[in-house]
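The values are calculated or read from the model by the stated rules, or taken from the named source; none is laboratory data. Remember, it's a predicted structure, so these values are computed and weren't measured experimentally. Glycine gets a Cβ as well: all are built from the backbone with ideal geometry, and neighbour counts include every protein chain shown. In case anyone asks, the SASA skips ligands and DNA or RNA and just uses the protein heavy atoms, side chains included. Shrake-Rupley method; radii C 1.70, N 1.55, O 1.52, S 1.80 Å.
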Amino acid sequence: MNIVKLLEMQTALDEHIQTKHDLNAENLVERKILALLVELGELANETRCFKFWSLKGPAEKETILAEYVDGIHFILSLGIEIGFVPENPSAVKEHGGDLTAQFIAIYGYISEFRTKLTETSYQKVFAEYLSLGEMLGFSAADVEQAYVSKNEVNYERQKQGY
């Protein structure tokens, strides 16, 4: 995954949104953290990994990938806001496929990041989110391609007054 390319795209999108909505003077960290938590919940909902009471399977892979890259947008945006550059971990750790545990862990890492706002806690969120993507069966190429597509959708939404 070309992190530099995605960061450049996210920076441009963030600048566009902040200028259009007159937010350049605001600190958006808290709102972006909440947005990331909400997107993580939407992603979990599409996987249905925690819905022990239901026989309905997960959403289609494309739908799950679209939700997943929404989280990538906010993780990159948080890094930009604070001044951290996400590092692509050399090896993503093996989790054994327990999606529910991974979602709960990421919620915890985001909460820890919110209280500490350190580069170490930020990198942990990013690395664990990438691990989640691998657990969901997404390659780095899948994520990058979906990110680029969703970035275009986000610009189009801004033009339409989303």
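Can you tell me how many residues within the stretch 32-48 are open to solvent by 40 Å² or more (accessible area, probe 1.4 Å) and without any contact (Cβ under 8 Å) to a residue 40 or more places away in the chain? So that I can check it myself, show each step before the final result.
At the first step, the residues of the stretch 32-48 found to be open to solvent by 40 Å² or more (accessible area, probe 1.4 Å) are 34, 37-38, 42, 45-46, 48.
Add one more test, that the residue is without any contact (Cβ under 8 Å) to a residue 40 or more places away in the chain, and what stays is 34, 38, 42, 45-46, 48.
Selection size over the stretch 32-48: 6.
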Checklist entry - Are there any pairs with C-beta distances below 7 angstrom linking a residue in the stretch 49-71 that is without any contact (Cβ under 8 Å) to a residue 60 or more places away in the chain and under 28 Å from GLN145 (Cβ atoms) to a residue that is in a loop (DSSP other than H, G, I, E, B) and of a type outside the set (Ser, Thr, Tyr), with the two at least 6 apart or on different chains, and if so which? => result LYS56/ARG48; GLY57/ARG48; PRO58/ARG48
Checklist entry - Residues in the stretch 82-97 that are surrounded by fewer than 18 Cβ atoms within 10 Å (Cβ to Cβ) and modelled with pLDDT of 95 or more: how many? => result 2
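Inside the stretch 43-89, can you point out the residues that are in a loop (DSSP other than H, G, I, E, B) and in contact with a Lys or Arg (Cβ under 6 Å, 6 or more places away or on another chain)?
PRO58
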Next on the checklist: Suppose the filter is open to solvent by less than 40 Å² (accessible area, probe 1.4 Å), assigned to a helix (DSSP H, G or I) and of a type in the set (Asp, Glu); does GLU112 pass it?
Outcome noted: no
Checklist entry - Out of curiosity, is LEU23 part of a helix (DSSP H, G or I) and either modelled with pLDDT of 95 or more or out of contact with any Ser or Thr (no Cβ under 7 Å at 6 or more places or on another chain) (or both)? => result no
Checklist entry - So which of TYR147, TYR129 ends up being within 19 Å of VAL4 (Cα to Cα), surrounded by 15 or more Cβ atoms within 10 Å (Cβ to Cβ) and in contact with a Leu (Cβ under 7 Å, 6 or more places away or on another chain)? => result TYR147
Checklist entry - Are any residues in the stretch 102-144 within 12 Å of the chain's Cα centre (by Cα) and β-branched (Val, Ile, Thr), and if so, which ones? => result ILE106, ILE110, VAL125, VAL143
